Structure formats: C-alpha cells, structure tokens
1. Name the single residue, out of those in the range 43-59 being part of a strand (DSSP E or B) and either modelled with pLDDT under 95 or in contact with a helix residue (DSSP H, G or I) (Cβ under 7 Å, 6 or more places away or on another chain) (or both), that is surrounded by the most Cβ atoms within 10 Å (Cβ to Cβ).
2. Confirm whether residue 67 is under 26 Å from residue 195 (Cα atoms) and surrounded by fewer than 17 Cβ atoms within 10 Å (Cβ to Cβ).
3. Criterion first (buried (at least 20 other Cβ atoms within 10 Å of the Cβ), modelled with pLDDT under 95 and over 23 Å from residue 207 (Cα atoms)) does residue 92 satisfy it?
4. Any chance the range 163-174 includes a residue that's surrounded by fewer than 22 Cβ atoms within 10 Å (Cβ to Cβ), closer than 13 Å to residue 124 by Cβ and in contact with a strand residue (DSSP E or B) (Cβ under 9 Å, 6 or more places away or on another chain)?
5. Answer yes if at least one residue in the range 163-178 is free of Cβ contacts under 8 Å to residues at least 60 places away in the same chain, outside any strand (DSSP E or B) and within 17 Å of residue 208 (Cα to Cα), and no otherwise.
6. Can you find a residue in the range 100-114 that is in a strand (DSSP E or B) and at pLDDT 95 or above?
7. Residues that are assigned to a loop (DSSP other than H, G, I, E, B), touching a residue at least 12 places away in the same chain (Cβ under 8 Å), surrounded by fewer than 16 Cβ atoms within 10 Å (Cβ to Cβ) and within 17 Å of the chain's Cα centre (by Cα): does the range 141-161 have at least one?
C-alpha cells in the first residue's frame with residue numbers, strides 16, 4: 001500500500017507530521033509517490049537537516065509574502081520550500097507563519113498536497129514534546145504523529161528518545177527502563193505526548209515507522 005493511500009491524503013490537502021522516528025522519511029516517500037501523479041509541496045515549521053534539500057526535485061527559498069504569492073508549482077514535480085539555510089547548524093530554516101499561510105494558499109490553488117514537518121527529534125525514534133512543541137498550523141487537515149518501532153525493546157535514554165526525561169515523567173518510567181509496545185502506545189495517545197498541539201478541526205492518523 002502507498003503511504004499516500006494509507007494516510008488518505010489527496011491533492012489540495014494540508015498534512016503535518018509530528019513526533020519522531022520517520023517524519024523526513026515520510027515526506028520523502030510522499031514525494032516519490034506523487035511524482036507524475038499530482039503536485040506536492042514540502043516544507044517545515046521548524047528545521048530540516050541541510051541534506052534534506054534534495055528531498056524534492058526543486059528547492060526554493062522564500063523570504064517574503066510576495067515571493068510566496070508568486071511561488072511556481074510544477075504539476076509534475078516535488079517542490080521543497082524553506083526560508084533559508086543556517087550553515088553553522090547545517091539546517092534549513094522553516095517558514096514563518098505569514099509565509100506558510102501564503103505557501104499553503106498557493107498549494108491549494110494549484111491542487112498540490114502540502115506536507116509539513118512540524119516537529120524536531122534530532123534523529124531519535126521517539127519523543128515527548130516540550131511545551132512549545134509541535135509547531136502545527138491551525139488550518140491543517142491532517143496531523144500524523146510518528147514513532148519509530150525500533151524503540152520497542154530498547155532502554156529509555158537519550159540514544160533512543162528525544163527529551164527522555166519528559167517521557168519518563170509522562171509515563172511513570174525510569175531512565176533505562178525498557179520501552180514496550182504498551183508504553184509506546186500510551187505515549188502516542190497522551191494529550192501531553194503524541195496528541196499535543198493538534199488543532200481541534202484536524203484528523204489524526206498515526207504512523208508507526210520502521211516496520
């Protein structure tokens with residue numbers, strides 16, 4: 001099954017990926033599946049690794065609302081849109097709210113699927129969000145909390161989890177305790193975990209990565 005079909009996504013929709021363990025990979029797969037079928041625009045509200053600049057066929061830097069309003073979207077290609085590069089941190093900088101709103105308008109106008117990486121996890125398999133996370137626009141149609149199944153059977157710690165101390169407090173765990181499937185499910189289902197920051201109007205479709 002295609003990921004696009006599994007998440008029930010279509011042209012003109014807006015989807016945000018949160019959590020850990022597969023967000024960037026999910027965007028890459030959506031881009032591959034969209035090739036030759038429908039336009040797709042990828043972006044972030046946080047930051048992407050600079051290596052992700054090749055996730056789409058084209059990478060465009062947008063630094064003003066005017067530039068966003070004039071965004072050219074190829075109906076046969078994937079477009080990555082960011083606000084610039086932080087070379088010191090080797091990161092692509094996400095879009096400010098006003099720029100993202102205009103990019104979303106252009107994407108819907110062109111019938112493009114807009115996929116947003118709306119969280120950061122430093123390459124870990126699971127995470128519990130800080131109070132300011134994730135950064136999900138209020139107008140998205142779907143939010144996809146992501147977790148990597150490789151975390152199951154691993155001890156809770158910084159090698160596996162981003163913000164492991166928050167996971168421990170949320171689930172009543174100890175550092176080094178084994179992450180079970182039940183604990184992972186509890187993390188994803190928690191209003192202070194996988195369900196934090198999701199707009200009331202958005203649908204939730206969980207993605208378990210690494211199967």
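The values are calculated or read from the model by the stated rules, or taken from the named source; none is laboratory data. Remember, predicted model here, so these are calculated numbers, not experimental data. Please note: Cβ atoms are built from the backbone with ideal geometry, for glycine as well, and neighbour counts cover all protein chains shown.
1. 43
2. Taking the combined requirement at face value, the residue does not satisfy it.
3. So residue 92 fits the description; yes.
4. Yes, that holds for at least one residue.
5. No.
6. Yes, the conditions are met somewhere in the range 100-114.
7. no
Table: residues versus (1) farther than 25 Å from residue 129 by Cα; (2) modelled with pLDDT of 95 or more; (3) assigned to a helix (DSSP H, G or I).
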{"site": "11", "(1), (2), (3)": "yes, no, no"}
{"site": "15", "(1), (2), (3)": "no, yes, no"}
{"site": "18", "(1), (2), (3)": "no, yes, no"}
{"site": "24", "(1), (2), (3)": "no, no, yes"}
{"site": "29", "(1), (2), (3)": "no, yes, yes"}
{"site": "32", "(1), (2), (3)": "yes, no, yes"}
{"site": "36", "(1), (2), (3)": "yes, no, no"}
{"site": "41", "(1), (2), (3)": "yes, yes, no"}
